[in-house]
1. Quick check on A:THR100: is it at pLDDT 90 or above, among the hydroxyl-bearing types (Ser, Thr, Tyr), touching a strand residue (DSSP E or B) at 6+ places or on another chain (Cβ under 8 Å) and assigned to a strand (DSSP E or B)?
2. Inspect all residues belonging to region A:49-59 and state whether any of them is away from every other protein chain (no Cβ under 14 Å), closer than 30 Å to B:THR480 by Cβ and not in a loop (DSSP other than H, G, I, E, B).
3. Identify, please: which residue in region B:69-78 is within 21 Å of B:ILE16 (Cα to Cα) and of a type in the set (Ser, Thr, Tyr) and is, among those, surrounded by the most Cβ atoms within 10 Å (Cβ to Cβ)?
4. Of the numbered conditions (1) more than 8 Å from chain A (Cβ to nearest Cβ); (2) crowded, with 21+ Cβ neighbours inside 10 Å; (3) modelled with pLDDT under 90, B:ALA411 satisfies every one except a single condition; which is it?
5. Does at least one position in region B:290-301 carry a residue that is within 24 Å of B:GLU142 (Cα to Cα), within 14 Å of another protein chain (Cβ to nearest Cβ) and surrounded by fewer than 21 Cβ atoms within 10 Å (Cβ to Cβ)?
6. If A:PRO111 satisfies all but one of (1) of a type outside the set (D, E, K, R); (2) surrounded by 13 or more Cβ atoms within 10 Å (Cβ to Cβ); (3) under 19 Å from the mean Cα position of the chain (by Cα), what's the number of the condition it fails?
7. What are the residues in region A:123-151 that are outside any strand (DSSP E or B) and either within 14 Å of chain B (Cβ to nearest Cβ) or touching a helix residue (DSSP H, G or I) at 6+ places or on another chain (Cβ under 7 Å) (or both), if any?
8. Give the number of residues within region B:456-473 that are at the interface with chain A (Cβ under 9 Å from one of its Cβ atoms) and buried (at least 20 other Cβ atoms within 10 Å of the Cβ).
Amino acid sequence: MDETRHPDASSSTPSVLNDPARQVSPRAVALWRWSAALGWLVLFVIIGVVWRLWLDHLWWVLPAAAVWATYAVVQVIVMPRVRYRVHRWEVTPLAVRARTGWLSREQRIAPLSRVQTVDWTQGPLMRLFGLASLTVTTASSAGPVTIEGLDRETAERLAAELTAVTGATPGDAT
Amino acid sequence: MIPPDDQWRRTDARMIGLTTVTRLGSLAIPVLVVVLRLSEDEDQTWSLRLAVGGAVLAVGSAILSWHATRYRFDATRLQVRRGVLRRTVLTAPLDRIRTVDLEAPLLHRALGLAKVTIGTATGSDSITLDSLSRAQSAELREQLLRWGRGASSALVTEAATTTPDDDTSPLPARENPATRAADLPAVAHPAPRADDGVVLARLDPHWVRYAPTGLLGGAATTVALLAALWGFARDTALPRRVLDALPGSTAAAIVVVLIVVVAAGMLMATGTWVSSWWGATLTREPGGTLHLRRGLMTTSSTTLEEARIRGVRLAEPPIARLLTGASLHALSSGTGSAGEVQLLPTCPRDVATAVGHQVLLPSPGNDPMTVPTRGHGPVARRRLLIRAVIRAAVLTGLVWALASWRDWTPAWPVIVGAQVAWFGLLAELTHRHRGHALDDEHLVVTSGALWRTRVVLQTRGIIGWTIGQTLLQRRAGLATLTAATSAGPGFVTVEDVPLEDAVALVAQATPDVWERVRATV
């Protein structure tokens, strides 16, 4: 129910690549917002403590931190929505494909015949939102395909399906 | 011939002597230190006892470890047993054996021995048998590779048929006679010896002219050595004498030092080249393996399963390129350091491309080793030039900071001009050589400015794609395309390729995957 088709919700850049068919759960927007916000918060608390304890003679730290914080706020507001629009995925009978990123973008394709492992994981924050991420690796150090922000049932079902497909592939998939 | 009959065998008894010598060698320095310390106490008997004890220990442990080390193999597995107090038995299924490499360092060679290293597909652990006689090790290699293939593809039963000279050896109890009878036609000839096969390349002594071109590495070592020597001998009279021997003017002194460093670098590079590559022979053996034998002092023998080769890399280092020299490397999954095995040292480029062609065996009409590659266009070039200007600006900034700190007044036009020219030249060279090509079996990627490379990857070896675009690349319509593979470094990258070209490459190189990707939307 969460992964709906949005053929028009493509990225702002015209692309030669067609969009992967499916989106992740809309709850992923909140997940990304909160994880970004918490990450920034921890960082700024550390910077604040270090500045207060040892570096308070450096006058330029405060304005620099202010500029940085502005960027952080903008990122927390803008990034999750853009990321949600960009982050699309699909599993065809022959390949798994995912597009990620927000400013920089990346599209990864792994043929199912070459898949080595299929994992799904749930971090603490993800568990809070009932989401999970799925990682499909091949026998290469480059290019594991990760789909982040799937709702838990989809991730589990997909992992089971992909495992079944790869188990049926003969050879060692290298 | 070693019959695969499940008997425990020992390594060569000459190993006792060799182990003793190496153990005594490694003991020599600590013993010497202790002896020198003790002799201050004027008690000579102690040092004598210590020396005798050390020798007895060395010989005794050598005999024990030789006695404890045994190996055996039958139709399905190889076992190596070792350890005196803690006995371990390593077992490798024959169908998992990927490589059997022989190596004979100088001492081994003098005694006619060779170390056998057996690599399996199960991980990084390899099994070493140190050492067998040269003939024994060559035969073991032959047997293991043949039996491994036999076990992995149920068809090959070559080794099951007896040849006239091994009638006495027991027949391996291996598979039922029915299957054996079925594939008999394969084998009426005696077991192929290690030197059988088609020779793809043999080192020509004239190629030694390319050896000194590796001088950059040698020169770096020389500089490091000189620096270490300087640190070591700075308090002696040596530096004074060296400085006196140098010409008076700074410019002349720099020239002399440069000449010395370059000459030493050339000498070292030549030494390395000759000692590792002398007598190199690359053969294609029946049964689908490439066999590389090489080395002057230490001889080594490397086997590559052809089914695991995914491509080759042609490398053209800067100075060798002036003589049109190049080296050749095989990209293979699960072997060598970083998945690469060097097949040829720096040698004539034509030879390297011809051998690369032989290794890849492309279908007629495909010539991935020499096919011209398609460049990445003016936008990609502009990006390279902008990056060059940024680099020059950053470096100029650093020089400026240094100059204002040390109160120098350098000739700014010269410095800035030289930097822009240098980085601009590198950018232009990168652009000229950078490109990609595709035939129906291979993806070809050329890159590099001074160190040029051409990577040829078989498209069947591509196990995934990544098309990445940074913000700036998106504005420029360019992308970074990465083809993932299980061989070599694990990926091949095409930098700043126009997005349309990247998509076309993906679509044409792996059409089956791509068609379905398109069809679903």
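1. Numbers: at pLDDT 90 or above: yes; among the hydroxyl-bearing types (Ser, Thr, Tyr): yes; touching a strand residue (DSSP E or B) at 6+ places or on another chain (Cβ under 8 Å): yes; assigned to a strand (DSSP E or B): yes.
Against the criterion (at pLDDT 90 or above, among the hydroxyl-bearing types (Ser, Thr, Tyr), touching a strand residue (DSSP E or B) at 6+ places or on another chain (Cβ under 8 Å) and assigned to a strand (DSSP E or B)), A:THR100 qualifies.
2. Keep residues of region A:49-59 that are away from every other protein chain (no Cβ under 14 Å), which gives A:49-59.
Restricting the remaining residues to those that are closer than 30 Å to B:THR480 by Cβ gives none.
No, every residue in region A:49-59 fails to be away from every other protein chain (no Cβ under 14 Å), closer than 30 Å to B:THR480 by Cβ and not in a loop (DSSP other than H, G, I, E, B).
3. Step one: list which residues in region B:69-78 are within 21 Å of B:ILE16 (Cα to Cα), which gives B:69-72.
Those left that are additionally of a type in the set (Ser, Thr, Tyr): B:69, B:71.
Details: B:THR69: 18, B:TYR71: 22.
The selected residue is B:TYR71.
4. Unmet for B:ALA411, out of (1) more than 8 Å from chain A (Cβ to nearest Cβ); (2) crowded, with 21+ Cβ neighbours inside 10 Å; (3) modelled with pLDDT under 90: (2).
5. To start, the set of residues in region B:290-301 that are within 24 Å of B:GLU142 (Cα to Cα) comprises B:290-301.
From what's left, within 14 Å of another protein chain (Cβ to nearest Cβ): none.
No: zero hits.
6. (3)
7. Answer for region A:123-151, where residues must be outside any strand (DSSP E or B) and either within 14 Å of chain B (Cβ to nearest Cβ) or touching a helix residue (DSSP H, G or I) at 6+ places or on another chain (Cβ under 7 Å) (or both): A:LEU125, A:MET126, A:PHE129, A:GLY130, A:ALA139, A:SER140, A:SER141, A:ALA142, A:GLY143, A:PRO144.
8. So the answer is 9.
The values are calculated or read from the model by the stated rules, or taken from the named source; none is laboratory data. Nothing here was measured: the structure is a model prediction, and the numbers come from that model. Don't worry about glycine lacking a Cβ; one is built from the backbone with ideal geometry, like all the others, and counts go over all protein chains shown.
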